[in-house]
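> One structure is given below, represented as structure tokens, and several questions about it will come after.
Throughout, read-outs are computed from the coordinates displayed, never taken from laboratory work. Keep in mind that this is a model prediction, so the values were computed, not measured. When we count neighbours, we look across all protein chains shown, and the Cβ atoms used for this are built from the backbone with ideal geometry, even at glycine.
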Protein chains: 2
Amino acid sequence: MKAKVHVTLKAGVLDPQGKAVHHALEALGFAGINGVRQGKFIELDLAETDREKARPMVEDACRKLLANTVIENFAIDFEG
Amino acid sequence: MKAKVHVTLKAGVLDPQGKAVHHALEALGFAGINGVRQGKFIELDLAETDREKARPMVEDACRKLLANTVIENFAIDFEG
């Protein structure tokens, strides 16, 4: 089973990487973009096949390593 | 409207960042993980509200800036 983890900056946290992408898109002529936020997308290939058993483990991994919960949120989806 | 872009490495492309995360998870005691792949997640806040009009623009932005299509795939979803 695959766990798909999205790690995104919390609202209000400055995102210089997103701002740089936004400016680059404008420089390339893309108009009508109000803002850009960049996050991380992490796919974990798990041996576990039971979502209910896997979820606490993946949440623990997010809190301990994948996300900095002071400034980032995480969301977990399962597939397969 | 928001466009959510996932940029992931193509199958077969080595992912040292994912491997480092995998090793770090194992070092923290997380077992049962077969592999980790790390990608990017980019949220674009668009002025356009019509998905059919926005899609070609966002695809163009992916090809020109957001993804390196030699080694990366991209997927676009719209929300709102």
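> Could you grab me the full set of residues in segment A:35-70 that are of a type in the set (Ser, Thr, Tyr) and without any contact (Cβ under 8 Å) to a residue 40 or more places away in the chain?
Selection gives A:THR69 alone.
> Something else now. Just name the residue that is farthest from the other protein chains (Cβ to nearest Cβ) out of those in segment B:19-38 that are buried (at least 18 other Cβ atoms within 10 Å of the Cβ) and within 19 Å of A:ASP60 (Cβ to Cβ).
B:HIS22
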